[in-house]
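Participant: Here's a structure for you.
The values are calculated or read from the model by the stated rules, or taken from the named source; none is laboratory data. A quick note: this is a predicted structure, and the numbers were derived from the prediction, not measured. We place every Cβ from the backbone using ideal geometry, glycine too, and count neighbours over all the protein chains shown. What goes into the accessible areas is simple: the full protein's heavy atoms, side chains included, and nothing from ligands, DNA or RNA. Shrake-Rupley method; radii C 1.70, N 1.55, O 1.52, S 1.80 Å.
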Amino acid sequence: MKKLFSFVLYCCCVLLTQCQQPQKTEKTESKQAIVQYASGFTILTKNHYTLVTVRNPWPKATQTFTYVFAKKNAVVPDSLSRFPIIQVPVKRVVATSTTHLPSLDLLGESNSLVGFPNLNYISSPNIRTRIEQKKVAELGNNQQMNTELLLDLRPDVIIGFGIDNKNTGLELVQKSGMAVVFNGDWNEQSPLGKAEWIKLFGVLYSKEAEAEKQFNQIEKAYLATVELAKKATKKPTVLSGAMYQDQWYLPQGESWAAQFIAAAGGTYLWKDSPGSGSLALPFEAVFEKAAQADFWIGPAQFTSYQELAQSSAHYTQFKAYQQRKMATFSTKKGKTGGLIYYELAPNRPDLVLQDLVKILHPELLPHHQLYFFAPLR
């Protein structure tokens with residue numbers, strides 16, 4: 001009897017030990033995508049899903065946003081359930097800024113756009129065709145989009161654009177159960193940093209490799225032009241902006257526009273002013289410093305010398321005006337009047353820089369045709 005009891009006890013121990021052996025678990029691999037120039041987002045790819053963290057989508061943002069992008073039937077850990085989980089690739093998208101649209105074009109996903117606030121701002125030929133075909137809905141004002149229409153559109157995601165910590169319109173949309181992903185491309189200060197946000201769209205459409213390829217091409221062309229500009233023998237002085245009411249508004253020294261001028265081999269006269277926004281100065285202060293500037297680039301909305309003279313005789317006193325050394329991006333418009341520069345330039349810094357080198361140092365790019373800029377008429 002003792003032998004039988006010992007044998008039974010042994011078998012129970014064996015079974016218990018086997019039941020307690022740890023189960024095999026799938027190894028989770030993580031890969032941090034390289035985001036080299038943009039400071040506003042990071043991408044972390046797991047086996048079946050991708051984590052994107054968006055920081056500073058607008059100036060002085062008080063919140064960081066984390067999103068989980070997962071393919072159909074992917075298993076997402078319970079620990080991530082507090083974040084929005086969005087199935088990819090997305091098929092139906094609402095964008096809220098024209099700067100979002102070039103990424104759709106570059107990735108071949110223009111047909112995914114189903115709604116946008118104020119369609120007249122859009123210049124993309126591909127998307128304008130869809131608008132004419134009634135395939136993109138007008139959503140009204142960016143801050144107060146038509147929520148009922150949004151619900152009818154059933155977008156997989158809304159690419160949000162915010163200017164401060166009060167985004168009541170998008171908060172209302174989120175409460176309706178729709179996914180909103182904030183895009184902070186406009187808040188980036190470096191030219192390549194803005195363009196690198198195409199990688200976020202690569203995640204949305206499960207086209208990470210294509211987004212990387214597109215960005216690498218832009219980066220290569222931009223950096224090659226930077227090196228070319230270094231061959232210039234002179235650095236002409238540059239003025240920018242124009243007057244609004246009694247103040248002259250121009251870019252600060254750390255701004256996107258100022259960085260372009262420096263990279264193109266120019267000397268921006270306010271390059272030492274701190275900040276990345278705009279300066280508001282009295283006319284006298286601008287004239288004292290820039291009356292003899294070699295070039296005047298980006299004179300606000302003005303597109304001709306006559307317009308400037310009619311607006312204020314003060315403009316005619318500048319050397320750049322008198323010698324016809326002025327260039328503007330305000331003449332290049334889309335079919336319904338949207339400025340192409342505002343839509344596409346943040347995504348194509350290579351073309352912007354090539355334009356500026358052509359203007360400041362035409363001998364370095366003799367065959368380049370201006371894309372965004374044009375001489376004043």
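Participant: Find the lysine pairs in the stretch 209-321 meeting two conditions, Cα atoms under 16 Å apart and a separation of 8 or more places or different chains, and report how many there are.
Facilitator: 4
Participant: Given points 7 Å out from each Cα along the Cα-Cβ axis, report the Q247 to A374 separation in nanometres with one decimal.
Facilitator: 3.1 nm
Participant: Hey, another quick one. Cβ neighbours within 10 Å, averaged per peptide: list 227-240, 359-372 in order, most packed at the top.
Facilitator: On the way: 227-240: 17.0, 359-372: 15.4.
Ranking the peptides 227-240, 359-372 by packing returns 227-240, 359-372.
Participant: Can you tell me the equivalent ellipsoid semi-axes for the stretch 129-271? Use √(5λ) from the Cα gyration tensor, largest first, whole Å.
Facilitator: Numbers: eigenvalues 269, 101, 36 Å².
They are 37, 22, 13 Å, listed from largest to smallest.
Participant: Ranking request for peptides 349-356, 116-123, 78-85, 279-286: highest mean number of other beta-carbon atoms within 10 Å first, then the rest in descending order.
Facilitator: Averaged packing, sorted descending, gives the order 349-356, 116-123, 279-286, 78-85.
Participant: Please report Rg (one decimal) and Dmax (integer) in Å for the Cα set of the stretch 175-259.
Facilitator: Computed over the Cα atoms of the stretch 175-259, radius of gyration and Dmax are 18.2, 59 Å.
Participant: Enter the per residue convex hull volume of the stretch 58-150, computed from alpha-carbon coordinates, in Å³ rounded to the nearest integer. Show your work: numbers first, answer last.
Facilitator: Details: hull volume 13.4 nm³, N = 93.
In the stretch 58-150, the Cα hull volume divided by residue count equals 144 Å³.
Participant: Q144 versus E254, label points 7 Å from Cα toward the beta carbon: distance in nm?
Facilitator: For Q144 paired with E254, the spin-label model returns 3.6 nm.
Participant: Right, next: Membrane-span-like helices in the chain: DSSP H runs reaching 30 Å or more (Cα, own axis), mean Kyte hydropathy at least -0.5? List each step's numbers first, then the result.
Facilitator: On the way: long enough: 208-229 (31 Å, -0.44).
Qualifying helices: 208-229.
Participant: Using only the alpha-carbon atoms of the stretch 125-211, report the extent along each of the three principal axes, biggest first, to the nearest angstrom.
Facilitator: 37, 35, 22
Participant: OK, next. Could you list, bin by bin from short to long, the percent of Cα-Cα pairs of the stretch 246-362 in 10 Å steps?
Facilitator: 12, 43, 38, 6
Participant: So what is the accessible area of the chain per residue, in Å², with the probe set to 1.4 Å?
Facilitator: With all protein chains present, the chain gives 52 Å² per residue.
Participant: Quick one: which residues, 5+ away or cross-chain, put their amide H under 5 Å from the amide H of W248? H built at 1.01 Å from N.
Facilitator: Those qualifying (amide H under 5 Å, at least 5 residues apart or on another chain) are L281, F283.
Participant: Please compute the Kirkwood hydrodynamic radius over the chain, one decimal place, Å, based on all pairs of different Cα atoms.
Facilitator: One decimal place: 23.5 Å for the Kirkwood radius.
Participant: Which FRET efficiency, nearest 0.05, do L223 and K335 yield, Cβ-Cβ r, R0 30 Å? Walk me through the numbers on the way to the answer.
Facilitator: Details: r = 33 Å, r/R0 = 1.10.
Computed FRET efficiency for L223 and K335: 0.35.
Participant: For the stretch 310-320, in order, what is each residue's ³J(HN,Hα) by Karplus, 6.51 cos²θ - 1.76 cosθ + 1.60 with θ = phi - 60°, in whole Hz (x at glycine and Pro)?
Facilitator: 5, 6, 6, 5, 4, 4, 6, 7, 7, 4, 4
Participant: Going by amide H atoms built from the backbone, whose H comes under 5 Å of the H on V180, apart from near neighbours?
Facilitator: Distant-sequence amide H within range of V180: I158.
Participant: One-quarter of the Cα convex hull surface for the stretch 170-225, in nm²?
Facilitator: Averaged projected area of the stretch 170-225's Cα convex hull equals 4.6 nm².
Participant: Carbon-plus-sulfur fraction of the accessible area of the chain, 1.4 Å probe, in percent?
Facilitator: So the carbon and sulfur contribution to the accessible surface is 53 percent.
Participant: Per 0.36 nm of contour for each residue apart, how much would the distance between S278 and S304 grow if the chain were fully extended, relative to their Cα-Cα spacing?
Facilitator: Extending this stretch completely gives an extra 7.0 nm.
Participant: Rounded to the nearest 0.05, what FRET efficiency do S30 and K231 give with R0 = 51 Å and r taken as the Cβ-Cβ distance? Could you check?
Facilitator: 0.75
Participant: Then there's this: Most mobile of N167, N187, N347 per a Gaussian network model of the chain (Cα springs, under 10 Å)?
Facilitator: Result for the chain, Cα springs under 10 Å: N167 fluctuates most.
Participant: Same structure again: With θ set to phi - 60° and the Karplus curve 6.51 cos²θ - 1.76 cosθ + 1.60, what are the ³J(HN,Hα) couplings of the stretch 234-247 in order, to the nearest whole Hz, using x for Gly and Pro?
Facilitator: Going residue by residue, I get 10, 10, x, 7, 10, 10, 9, x, 6, 8, 10, 6, 9, 10 Hz, with x marking Gly and Pro.
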